Amino acid sequence: MTLKDQLDALELPAETRGYIVESRGGTEVLIERRRDMLDPDARVYINRMTADIPGSVAEALAKVGLGGRVGDGTPVAIKVNIGGGVAGVPSSFTDPLVVEGVIDAVREAGGDPFVCEANMRSMTMTCGMLARRALYPLLVRKGVEFVNLSDLRSVDFHPLGWERHISLPKALLSPEVVVISVPALKHHWECGITLAAKNMYGAIAERQKSLFHRGGAIDETVAAAARATEPDFSVLAHRQVGGGLGPHFCIPVDFGYVVASDNVLAADRVGCDFMGADWRHIKHLQINCGGREIPYRAVEGSVPVDRTTRQRVARTAIGPLRKWLWRALLYPQYYVPHGTQFRQIPKIESLGSLLNWWFFHPRGDPWPVRWRPR
């Protein structure tokens with residue numbers, strides 16, 4: 001039996017703390033249950049990347065309790081962010097050395113890791129796509145399978161108060177699967193920021209995600225996807241963050257820290273601090289925390305992100321006024337016919353790479369071909 005078959009064979013319980021299973025017209029659907037995503041005991045651990053980047057990541061995950069959640073044979077979904085990046089712009093997609101560290105940590109705990117991502121409006125998760133995002137050689141070397149979430153059995157998830165639904169891979173909603181969110185760290189022209197919660201929006205099985213942008217409910221959809229597929233652990237780590245007009249056009253800024261947490265809201269609150277964004281102004285976070293304070297405790301041995309790095313990243317942040325300006329300017333793109341986007345955008349990805357190298361990369365730091373810890 002293939003891994004895809006094993007994941008598709010998972011049965012959902014009749015109810016969990018996040019949803020209730022119902023039958024509508026002979027089809028199984030999930031109805032969201034009201035719950036609190038805040039955890040007063042949420043743990044956050046921050047460490048600097050050493051010369052052994054995978055080792056630094058594995059250490060951080062151990063500090064926030066990965067071993068207590070993952071046992072022998074536990075399937076672990078490592079949700080990466082590669083569909084929203086641009087080839088040749090490493091800060092726009094998940095750092096492969098961070099992924100390697102997550103894989104090592106999961107295996108050390110006895111789990112069975114697989115890396116996953118869903119198709120985007122113009123990007124199909126093929127071997128070629130994985131190669132352009134520097135993940136394919138890693139997966140071959142580590143002997144880890146990649147799973148296209150758009151190919152798995154999906155289920156309609158009905159968020160509270162919504163008339164419509166979002167389609168999500170059934171496996172990520174199964175309590176048997178541990179989910180780890182490993183995003184790229186970048187600013188976002190529409191949502192303000194891409195971190196652990198925004199990364200789970202990419203798990204939506206629907207390729208034409210522009211429907212959610214076009215309907216003016218992108219923040220609400222991001223929040224709902226993060227609630228439905230709530231990660232058990234989040235890892236915010238990269239050699240460089242993507243500043244400026246993300247998710248595609250990024251000013252690379254040296255970072256070199258690992259932030260791990262067992263609560264997605266706590267991870268993103270800390271992430272907002274070092275990304276120069278006020279978490280109180282990030283709508284999808286405010287929806288899921290209900291406008292309340294997001295609690296967490298720093299694990300012993302945790303270090304703060306240094307002031308100079310935070311200031312350098314903050315200078316590239318997208319403020320509220322710029323965010324609304326770019327929303328208005330770029331909104332018409334969501335009315336380009338889906339077929340045209342699907343067929344034509346991959347052909348001009350190289351143009352996006354050139355624009356990055358001409359206009360954005362000169363404003364940031366060179367890619368650290370040889371990583372040396374500070």
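The numbers here are math on the coordinates, done by the rules we state, and not lab data. It should be emphasised that the depicted structure is a prediction, and the values quoted were computed from it without experimental measurement. Here the Cβ positions follow ideal geometry from the backbone for every residue, glycine too, while neighbour counts run over all protein chains shown.
Among the listed pairs Lys170/Lys283; Lys142/Lys323; Lys142/Lys283, a Cα-Cα separation exceeding 31 Å is found for Lys142/Lys323; Lys142/Lys283. Residues in the stretch 255-261 carry Karplus couplings, in order, of 10, x, 10, 10, 10, 10, 8 Hz; the curve used is 6.51 cos²θ - 1.76 cosθ + 1.60 with θ = phi - 60°, and Gly or Pro positions show x. Summarising the amide proton neighbourhood of Tyr19: residues at separation of 5 or more, or on other chains, whose placed amide H is nearer than 5 Å comprise Arg33. Each label point was placed 7 Å from the Cα along the Cα-to-Cβ direction; for Glu300 and Glu206 their separation is 4.8 nm.
Here the gap between Ser350 and Val140, fully extended at 0.36 nm per residue and compared with their Cα-Cα distance, gives a gain of 73.1 nm. Ranked by the mean number of other Cβ atoms within 10 Å of their residues, highest first, the peptides 94-104, 181-191 fall in the order 181-191, 94-104.
Highest-first packing order for the peptide set 23-34, 67-78 is 67-78, 23-34, based on the mean count of other beta carbon atoms within 10 Å.
Short-range pairs are left out: with C-alpha atoms under 8 Å and at least six residues apart, the relative contact order of the stretch 215-357 is 24 percent. Length available on full extension from Leu330 to Ala51: 0.36 nm per residue minus the Cα-Cα distance, which gives 96.4 nm. Amide H to amide H, with H built 1.01 Å from N, Ile251 comes under 5 Å of Gly243, Gly244, Leu245, counting only residues 5 or more places away or on other chains. For Glu176 and Val29, the difference between the fully extended length at 0.36 nm per residue and the C-alpha to C-alpha distance is 51.1 nm.
Amide hydrogen proximity for Gln240: with H placed 1.01 Å from N in the peptide plane, the residues at 5 or more positions away or on another chain lying under 5 Å are Phe255, Gly256. Here the translational diffusion coefficient of the stretch 277-342 follows from Stokes-Einstein with Rh set to the Kirkwood radius across Cα pairs; for 25 °C and 0.890 mPa s it amounts to 156 µm²/s.
Our coupling estimate for the stretch 356-365, obtained by passing each phi through the Karplus curve with A = 6.51, B = -1.76, C = 1.60 and θ = phi - 60°, is 4, 6, 7, 10, 10, 4, x, 8, x, 9 Hz, Gly and Pro reported as x.
For the chain, the Cα-based Rg and Dmax, in that order, read 19.1, 59 Å. In sequence order, the stretch 158-163 has phi-based couplings of 9, x, 4, x, 9, 8 Hz under the Karplus curve 6.51 cos²θ - 1.76 cosθ + 1.60, θ = phi - 60°, and Gly or Pro positions carry x. Relative contact order, whole percent, for the chain stands at 23, derived from Cα pairs under 8 Å and 6 or more residues apart. Nearest 0.05, what FRET efficiency do Gln6 and Asp39 give at R0 = 30 Å with Cβ-Cβ as r? Using R0 = 30 Å, I get an efficiency of 0.50. In this structure, Val369 and Trp162 have a Cβ-Cβ separation that, at R0 = 56 Å, corresponds to a calculated FRET efficiency of about 0.75. Given the options Ala109, Asn119, Met37, identify the residue whose Cα lies farthest towards the positive end of the charge dipole of the stretch 1-156 (+1 on Cβ of Lys, Arg; -1 on Cβ of Asp, Glu). Toward the positive end, the furthest listed residue is Asn119. In terms of the mean number of neighbouring beta-carbon atoms within 10 Å, the peptides 45-58, 300-313 order highest first as 45-58, 300-313. In the chain, the calculated helix contribution to ellipticity at 222 nm averages -8500 deg cm²/dmol per residue, counting -39,500 (n - 2.57) for every DSSP H run with n ≥ 4. Listed by chain and number, the lysines whose C-alpha is less than 20 Å from the C-alpha of Lys347, apart from same-chain residues fewer than 8 away, are Lys209.
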